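Trainee: I am attaching a structure below and will ask some questions about it afterwards.
The values are calculated or read from the model by the stated rules, or taken from the named source; none is laboratory data. Computed from a predicted model, the values in this text were never measured in an experiment. Note: ideal-geometry Cβ built from the backbone for every residue, glycine included; neighbour counts use all protein chains shown.
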Amino acid sequence: MAVYTDVTADELAEFLEGYDIGELLSYKGIAEGVENSNFLLHTRAGTFILTLYEKRVAKGDLPFFLKLMTHLAAHGIDCPQPLKDNSGKTLGMLAGRPAAIINFLEGVWPRKPNAAHCAGVGQALAKMHLAGRDFPMSRANALSVAGWRPLFDSAASRADELQHGLRAFLGAELDHLESNIWPENLPQGIIHADLFPDNVFFLGEKLSGIIDFTFACNDMLAYDVAICLNAWCFESDHSFNVTKARAFLNAYSRERELSAAEREALPLLARGAAMRFLLTRLVDVLNVPPGALVRPKDPLEYVRKLRFQQGVASIRDYGVEASGLVA
């Protein structure tokens, strides 16, 4: 979450007249995240999240995101629900941006995830993958391997400003990942594609909700698993925690067992997932709009994660056997 577009109190009050959620009491921008403008609303009816979808999110994709949340909630997944306005629509316009209001989920995201948090995420991710099987809409993943070269080209000339040799490192890795080795025949479905700790709420060690579906799309289910390995299973010093990885993968596999082909491909998918977030973070940190209330995430974190993934030989390096679970 972040704030790129300011909203005045008068604009917001007029917008809320179209909803049956009572008078606006207060609102404030949320600085975390990188994609859209988000505000915490307090009204007579309770607490809500207002999202203004910025230009990076295609307006034509918004019905997919909003309907997906409704679908997943109907299948038992704890996730926000978009509110309908008085005309039955979940999407409106505010301050020149498409806008939606969603219900507020209780909980906090874990600043220092432990193995129990990782197990909770693994279970929830598998359940989400299963719940998405009969979702009737689809959306291509614009940030899969075919989308990485344009990101690299847009940032390459300034990459060494962050770290000497970064441009050459990224170029060599991208050449490797594009060399006809990216998996194509693994099980596909709806993936979250951005399930970082700040997109998962907990009450204690019990998962209370998954948020922010603006990267959700159709892709390999194991790619979502790989994204989470990078996001959840490293320590603050960037060392890999095999105990967390084992807890995450075992919990996932109890709900949805990974196929032999998925287990074999997981190290490569984790390498690609590290590359994807390294590139998007690099582009973001080099292009923060003036005056935006946003805290860009550190791309160099993913340089270190990518270097680790380059050395992974098999799923055994994540603490589980190639044939299945480890107790």
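Trainee: Suppose we keep only residues that are within 18 Å of Leu278 (Cβ to Cβ) and in contact with a strand residue (DSSP E or B) (Cβ under 8 Å, 6 or more places away or on another chain) within segment 176-214. Which one would you say is surrounded by the fewest Cβ atoms within 10 Å (Cβ to Cβ)?
Mentor: My answer is Ala193.
Trainee: Exactly one of (1) among the charged types (D, E, K, R); (2) under 21 Å from Arg133 (Cα atoms); (3) not in a loop (DSSP other than H, G, I, E, B) is unmet by Asp194. Its number?
Mentor: Only one criterion is unmet by Asp194, namely (3).
Trainee: If you take the residues of segment 280-309 that are among the polar types (S, T, N, Q) and surrounded by 14 or more Cβ atoms within 10 Å (Cβ to Cβ), which of them is modelled with the highest pLDDT?
Mentor: Gln309
Trainee: Would you confirm whether or not segment 86-108 contains a residue that is basic (Lys, Arg) and either in the same structural domain as Gln188 (by TED's automatic domain parsing) or crowded, with 19+ Cβ neighbours inside 10 Å (or both)? Reasoning before the result, please.
Mentor: Our first condition is that a residue be basic (Lys, Arg); within segment 86-108, this holds for 89, 97.
When the remaining residues are screened for being either in the same structural domain as Gln188 (by TED's automatic domain parsing) or crowded, with 19+ Cβ neighbours inside 10 Å (or both), the result is 97.
Within segment 86-108 (the criterion being basic (Lys, Arg) and either in the same structural domain as Gln188 (by TED's automatic domain parsing) or crowded, with 19+ Cβ neighbours inside 10 Å (or both)), the answer is yes, since at least one residue qualifies.
Trainee: Name the pairs whose Cβ atoms lie under 7 Å apart, with the first residue in segment 58-76 and surrounded by 15 or more Cβ atoms within 10 Å (Cβ to Cβ), the second among the hydroxyl-bearing types (Ser, Thr, Tyr), and 6 or more positions between them or separate chains?
Mentor: That search, which allows pairs on different chains as well, returns Leu62/Tyr53; Phe65/Thr214; Leu66/Thr90.
Trainee: Still on this structure, I have one more. Of the conditions (1) farther than 25 Å from Phe64 by Cα; (2) surrounded by 21 or more Cβ atoms within 10 Å (Cβ to Cβ), Phe277 fails just one. Which one is it?
Mentor: In the conditions (1) farther than 25 Å from Phe64 by Cα; (2) surrounded by 21 or more Cβ atoms within 10 Å (Cβ to Cβ), Phe277 misses (1) alone.
Trainee: Anything in segment 162-175 that is closer than 16 Å to Tyr302 by Cβ and in a helix (DSSP H, G or I)? List them, or say none.
Mentor: Leu166, Arg167, Phe169, Leu170, Gly171, Ala172, Glu173, Leu174
Trainee: Test Asp224 against the stated conditions and say whether it is in contact with a helix residue (DSSP H, G or I) (Cβ under 7 Å, 6 or more places away or on another chain), closer than 22 Å to Glu173 by Cα and at pLDDT 95 or above.
Mentor: Against the criterion (in contact with a helix residue (DSSP H, G or I) (Cβ under 7 Å, 6 or more places away or on another chain), closer than 22 Å to Glu173 by Cα and at pLDDT 95 or above), Asp224 qualifies.
Trainee: Taking the stated definitions as given, is Asn241 in contact with an Asp or Glu (Cβ under 8 Å, 6 or more places away or on another chain) and under 20 Å from Lys297 (Cβ atoms)?
Mentor: Values: in contact with an Asp or Glu (Cβ under 8 Å, 6 or more places away or on another chain): yes; under 20 Å from Lys297 (Cβ atoms): yes.
Answer is yes for this residue.
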